[in-house]
Structures are given as structure tokens and as C-alpha cells.
Amino acid sequence: MNVSKAFIPTLREDPGDAVIASHQLMFRAGLLRKLANGLFAYLPLGLRSFRKVERIIREEMDQAGFLELKPTVVVPGELWKESGRWESMGEGLLRFKNRVDADFVISPTAEEAFTALVRDELSSYRQLPLSLYQINTKYRDEIRPRYGVIRGREFVMKDGYSYHSDEESLDKTYQDMARAYRRIFKRCGLSVVPVRADSGAMGGSGSEEFMVESVIGDNTLLLCKACDYAANVEKAECKTDYRPLSPEEGRAAAASVAPAETIETPNVRTIEELSAFLKAPPASFIKTLIYRAQNVELDLSSAPGCSSLKRHGTEAAPGAYIEAFFAVCIRGDLEINETKLAALLKASEVSLASDGDTERLSGAPLGFAGPLGLTNLPIVADHSVCAITDGYTGALAKDLHYQHAAYGRDFSAWMLGDLRTARAGDPCSLCGGELYEKKGNELGHIFKLGDKYSLSMGLSYLDEKGESRIPLMGCYGIGLDRTLASVIEEHHDEDGIIWPISVAPYQVIIIPIKFEGIMKDAALTLQKELEEGGIEVLLDDRDERPGVKFKDADLIGIPYRVVLGDKNLNAPNPQAEIKSRREKENRLVDLKTAAGDLIERIRGDLAEFS
Ligand code: ATP
Ligand code: MG
């Protein structure tokens, strides 16, 4: 391909909204353009690299025995109603009606579509395990698309779904995927950190995310300095420095503690203000926050204040609670982890209640909620609260707190769980070593779904005995755009991209100092020889100054650059100048052997990525 015909509109300036290297470089190197917020078009150069990432993923999926399908991107809303996600997905799911008023969604993911396809074909255990995937467009109506294609609205995902007759078979495919993902990212030249994305409580090996370290990472990862524990903070556990007491133990321990009594705390609301005002450490406070939870699957029939809550389903088959409020308590120096809270409540989403709801439900101005005497809300407490036998907490009235509050004696929880956010410095739950933090972006995710979708969507098969059974499922996603951008994040310098050979749009760029005379002849011959050797070549045939061509070559990051100048070509032994994008120095090689040399080197480089 000649540069003059290749439509590579490079830019000297970064686009105004681009704050990270990959976003800047994808625009400046002419890989990408923006159509609207979160919507991007790949230009030819960008698409070539994108296709290479796609090919690597496809090869590894095929190798792992997955079969590729191509379902539609537009999916009937009915399927999403069956799974329950029509209600629970929130605003990220783009729903629309067609001309006859039927509901549709643009797939943000495809558990429903695959499960519906499999449901129509699956009858016997002999068809299992069944592992399917697609590489297809997704749409998520992200609130704040950012960092270019790292968080776009439309993007391409490889999503795989597997169906199994037992846990063992699911685990085998899950482990196969865990290995395939490691190979995929390695072949793209990426260093990924696989992290646990589930809590140990749920079985330990049911979900793994593949993260790249990134300062703009949306995820906080906690890693252990002593062992290989690595987890997303959303799910990270840590060893606790307290022993939770049972209510009886709490009562016994509080026997010698003075009765709870109110103290005046005028205009003192936050834990920091209280701690300074009362000269007591934050760990002696019980922090109480009112949370709103949506689509709560937990049974709330016995929960305080919940008897009249509305549910999704019918009277015969009542579904999840549409909305419920909870008072969530945790020790004053700790933070509530909303992912753990949502998991404990079996809710699709949890968020702090609005100020108005908080004041209405606690009967007090903001900052004075507390578990003592709170009867109209279920109290959900972190285990840390069960070790407090002489603490401070809000007294449900303006400018009042309790002192000497004791768990078990003065209050107890409707539900207990691990709700605390682990943080750097906490002890590792596996080995007790110290945890430290890194920021990361998720490139891929593998997940044991169990029977969630098979149950809700009525998927079944007949086992060896002819009995109807429900298959288990796994799902496995990788974002292609984000993966490509992450390659650039990891491989660039101040001059531009430094493509790993496996995903480079072209492998060699030939730059004749001027595209005329012997330089042109040598360039065309070399291009032909290289292409015959299977190498992808870009020839800069433009009538530009050499400096401009060199700058563009560095910017677009082609792994090898060959410069052809008349001085070297006119020498008794004509030579070409070869430079690797990774290295500063160039070398002179005989023009006659230049093609052979390069072909051999590039084949060697490629072999390292296969
Ligand atoms: P995130 O936490 O970043 O929103 P997610 O956990 O919602 O991602 P999954 O549902 O696990 O994402 O989707 C699988 C993969 O799809 C992700 O690992 C990521 O690579 C990609 N992906 C998800 N959302 C986007 C997006 N808005 N833009 C680009 N890629 C995305
Ligand atoms: Mg995910």
C-alpha cells in the first residue's frame, strides 16, 4: 500500500478532549475519528490493527473449541423481559420500539439471545457441553463515555457462552477460557493482571477479570505483597482485626458498660467532626447510612417497615421488590462497599438514599441516623459493628448522639455481612500479608453464571435417565476496542505508537528520501520482494520532506522502517538503512539482502507472539 492512497490523516495536535496517550495517538496517527460522544469510526489503519486483535481472539476461541455464531445486534425486548433484565438493567440498556410498537434492545451483552437460540435446539445431554461465541457490536448508553474507545457507547465485544450438564464440565471450560485469555493478551503484547472478581464466600473461582494497569483505570485493584492474591476492590476481602460477637456475647460484654445515653452534639455531623468534638477515635463510632436498593430479590416479608413494599411480579408469583430502603451500619473508620451490599441484598443496584428520603426515614436531619430505636427500616450491619460494645452513634434527632451504645444489648441487626471496602494496608485474607493498591482497566471477564439464565428463560435438556434438567452456564467477554487502545497505552513513546508486531497495521514502512529515480526503483523492488515474502508493507511515496515522513512513520508506529537515500544507493555496494521503531540506532544493510533479512527478522518476531 502506498501512503498517498492509504487515507492516513495524521494530525500534529492532540484532540482537545483526549487526555490519555491511546486516545491522543489513535486520533493523531489517523486510526480513528469521532462521530459523536462515545461513537467512533475506525479509519483504514486503525481497522487493520483492530482486525489483527480480532484474529488473535478468534484463533484462541476456535482453538479452545468454541463455535462462532453471528446473531443480530437488535434483539426482541421479550427475551430481556423473560430474563428480568428489561427491568433491572437500568439506563445503560438502549430500548426502542419499531414501527409496529414492538420492544427491542440493542445488545449490550447477549446472554438472552444465546440462551434463546440454544433453548430451541437443546434436547439431550448428548449435546452438552456446548460452547458458542460471537464477535459483534454492542451498545451501552454509558453516562460518561471517556478516554476514546476505552469507554465508548458502541463497541465490539467477543462474548462467549457455554452450557453444561454439571459443575465439573463448567469448571473445565472456565479454566480453558482462563488459559485462552492469558494467551490472547500475551499475543497482543499486553501485560494483564488477572484478578478475582468474586468474593471467596461465593466459591472462590467463579469470576476472574483481566485488568491492565492504568492511571486512569476505573477499577481499584488490591494485590498482596506476599502472595499472589489480587482482587477488584469491589470484591476484595481482607482479614479483620476484630472478632464479631453474637448478640448474646455482645450483651455479656456490655454488662459492665454504662447504659446508652444521649449527648448533645450541636451541628456535628460527620465522623471526622464527631471524632474531634468527642475526642474519640473514628473506630468507636457506628456509622449509619440509609440506602435505596432496587430489584431486591431477598425475602423482606419479615423485615421491619417492608410489609407494604411493591413487587414486580403477580400475586401468584411475586418477583423482586421494586425498591426498598435499608439502614446500613459499619464501624466509623471503615467504608461501605456497595458491590458487597448489593450482593448481600440480592439487589440489582444500591445507592445512597436521597437527602429527603434519609431525613424522612430516619426522622432526623442528615448526620444523625443510628440503629438505636430505629424500627421502620431493616438494619443491615457489617461484622465490624458486632464488636462494638461501647460506641457512639446517631440518636435519630437533631444535634443528638448516643454514647455507650452496645451491639446485642441496645440494638441488633436484621442482617449481617461483610460490607467493608478493603484498602491498602489491610491484611490479605489468604496469607495475612499487606495489601497494596493499583488502578486498572478491565479488558476481559470470565464468569460462572450457574443456572441464572437457564432457569429464568426455561432452558432444559433430558439427562441419561430421561429426566428434565437445567444446564449450567458460563460467560466470557473481551472488549476489542479497549484491548486495542490498551496496546497503545502500553507501547508508545513521545513520538508515537510502537506497535507490537502481532497487531501492527503494517510491518514495514519504506521511505525513499525522494520518490524518484533510483530511490523509487529500489523502493518498488523492495516492496515487491517483501510482499512476496508475506510481509505487509507501506511505501511512503508522498512528495514530502524526509523529516515529515520520518515523523509520520514514528507516529503511526510501524515496527520496521527502511530508508532509501541516493547516497547509499549510489555507493559501489548499494545499501538501505533499516531501523526498528523500538530502537534508536539504525543499521546499513546491503540492498540485495535487505528483503531477506527483514523477512527473517519479522518471521522471528511474529513467532514470539504465536
Ligand atoms: P466496565 O466495568 O468497564 O463498565 P463491565 O464489567 O461492564 O465493564 P463486561 O460486561 O464484563 O464489562 O463486558 C466485557 C468487556 O467489554 C469488558 O471487559 C470491556 O473490555 C468491554 N467493555 C464494556 N463496556 C465497554 C465500553 N463502554 N466501551 C468499551 N468496551 C467496553
Ligand atoms: Mg465486567
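Quick notes
- Flag if Arg119 is in contact with a Leu (Cβ under 7 Å, 6 or more places away or on another chain) and either in a helix (DSSP H, G or I) or open to solvent by less than 10 Å² (accessible area, probe 1.4 Å) (or both): yes
- A single member of Ile446, Ile470, Ile509 is open to solvent by less than 20 Å² (accessible area, probe 1.4 Å), over 13 Å from Tyr161 (Cβ atoms) and in contact with a helix residue (DSSP H, G or I) (Cβ under 6 Å, 6 or more places away or on another chain), and it is Ile509.
- Residue, surrounded by the most Cβ atoms within 10 Å (Cβ to Cβ), within region 490-506, restricted to residues that are hydrophobic (A, V, I, L, M, F, W, C) and in a loop (DSSP other than H, G, I, E, B): Ala504
- Those residues of region 212-245 which are away from ligand 2 (no atom under 16 Å from the Cβ), in contact with a Gly (Cβ under 7 Å, 6 or more places away or on another chain) and either at pLDDT 90 or above or open to solvent by less than 80 Å² (accessible area, probe 1.4 Å) (or both), in sequence order: Glu213, Cys224, Lys225, Ala226, Cys227, Glu237, Leu245
- Subset tally (residues that are open to solvent by less than 30 Å² (accessible area, probe 1.4 Å) and touching an Asp or Glu at 6+ places or on another chain (Cβ under 9 Å)) for region 354-368: 1
- No other residue among Glu323, Glu315 is under 32 Å from the mean Cα position of the chain (by Cα), of a type in the set (D, E, K, R) and not in a helix (DSSP H, G or I) apart from Glu323.
- Condition check for Asp141: within 16 Å of ligand 2 (Cβ to nearest atom) and either surrounded by fewer than 21 Cβ atoms within 10 Å (Cβ to Cβ) or touching a residue at least 60 places away in the same chain (Cβ under 8 Å) (or both): no
- Figure legend. Inter-residue proximity from region 62-81: first residues without any contact (Cβ under 8 Å) to a residue 60 or more places away in the chain, second residues open to solvent by less than 60 Å² (accessible area, probe 1.4 Å) and among the acidic types (Asp, Glu), beta-carbon distance below 8 Å, spacing 6+ or different chains. Indicated pairs: Val75/Glu112; Pro76/Asp103; Gly77/Asp103; Glu78/Asp103; Trp80/Glu112; Lys81/Asp103.
- Tyr476 vs. criteria within 16 Å of ligand 1 (Cβ to nearest atom) and either modelled with pLDDT of 95 or more or farther than 27 Å from Arg179 by Cβ (or both): yes
- Taking each residue of region 290-310 that is over 19 Å from Met89 (Cα atoms) and looking for partners that are surrounded by 20 or more Cβ atoms within 10 Å (Cβ to Cβ) and of a type in the set (S, T, N, Q) with beta-carbon atoms closer than 7 Å, six or more apart or interchain, yields Ile290/Thr358; Ile290/Ser362.
- Extreme residue, modelled with the highest pLDDT, among residues of region 261-278 that are closer than 21 Å to Asp333 by Cα and either assigned to a loop (DSSP other than H, G, I, E, B) or in contact with a Lys or Arg (Cβ under 9 Å, 6 or more places away or on another chain) (or both): Thr265
- Only one of Tyr453, Tyr436 that is within 28 Å of Leu130 (Cβ to Cβ), aromatic (Phe, Trp, Tyr) and either away from ligand 1 (no atom under 13 Å from the Cβ) or outside any helix (DSSP H, G or I) (or both): Tyr453
- Of the numbered criteria (1) within 20 Å of Ile150 (Cβ to Cβ); (2) in contact with a helix residue (DSSP H, G or I) (Cβ under 9 Å, 6 or more places away or on another chain); (3) surrounded by fewer than 21 Cβ atoms within 10 Å (Cβ to Cβ), the one Leu39 fails is (2).
- Filter result for Thr375 (surrounded by fewer than 21 Cβ atoms within 10 Å (Cβ to Cβ) and either modelled with pLDDT of 95 or more or away from ligand 1 (no atom under 16 Å from the Cβ) (or both)): yes
Condition check ((1) charged (D, E, K, R); (2) under 22 Å from Arg196 (Cβ atoms); (3) more than 12 Å from the chain's Cα centre (by Cα)) across all residues:
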| position | (1), (2), (3) |
| --- | --- |
| Ile216 | no, no, yes |
| Leu221 | no, yes, no |
| Cys224 | no, yes, yes |
| Ala230 | no, yes, yes |
| Lys235 | yes, yes, yes |
| Lys239 | yes, yes, yes |
| Tyr242 | no, no, yes |
| Leu245 | no, no, yes |
| Ala252 | no, no, yes |
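- Met202 satisfies every condition listed in (1) modelled with pLDDT under 90; (2) within 16 Å of ligand 2 (Cβ to nearest atom); (3) surrounded by 17 or more Cβ atoms within 10 Å (Cβ to Cβ); (4) of a type outside the set (S, T, N, Q) except (3).
- Taken across region 481-489, residues that are farther than 25 Å from Ala231 by Cβ and either within 16 Å of ligand 2 (Cβ to nearest atom) or assigned to a strand (DSSP E or B) (or both) do occur, with at least one present.
- Identity of the residue in region 378-401, open to solvent by 50 Å² or more (accessible area, probe 1.4 Å) and in contact with a strand residue (DSSP E or B) (Cβ under 9 Å, 6 or more places away or on another chain), that ends up nearest to Pro244 (Cα to Cα): His383
- Filtered residues of region 35-61 (kept if within 14 Å of ligand 1 (Cβ to nearest atom), touching a residue at least 60 places away in the same chain (Cβ under 8 Å) and either assigned to a strand (DSSP E or B) or not polar (S, T, N, Q) (or both)): Gly38, Leu39, Phe40, Phe50, Val53, Glu54, Ile57
The values are calculated or read from the model by the stated rules, or taken from the named source; none is laboratory data. Because the structure is a prediction, the values reported are computed rather than measured. Methodologically, a virtual Cβ is constructed for each residue, glycine included, from the backbone with ideal geometry; neighbour enumeration extends over all protein chains shown. Surface areas here come from the heavy atoms of the whole protein model, side chains and all, with no ligands, DNA or RNA. Shrake-Rupley method; radii C 1.70, N 1.55, O 1.52, S 1.80 Å.
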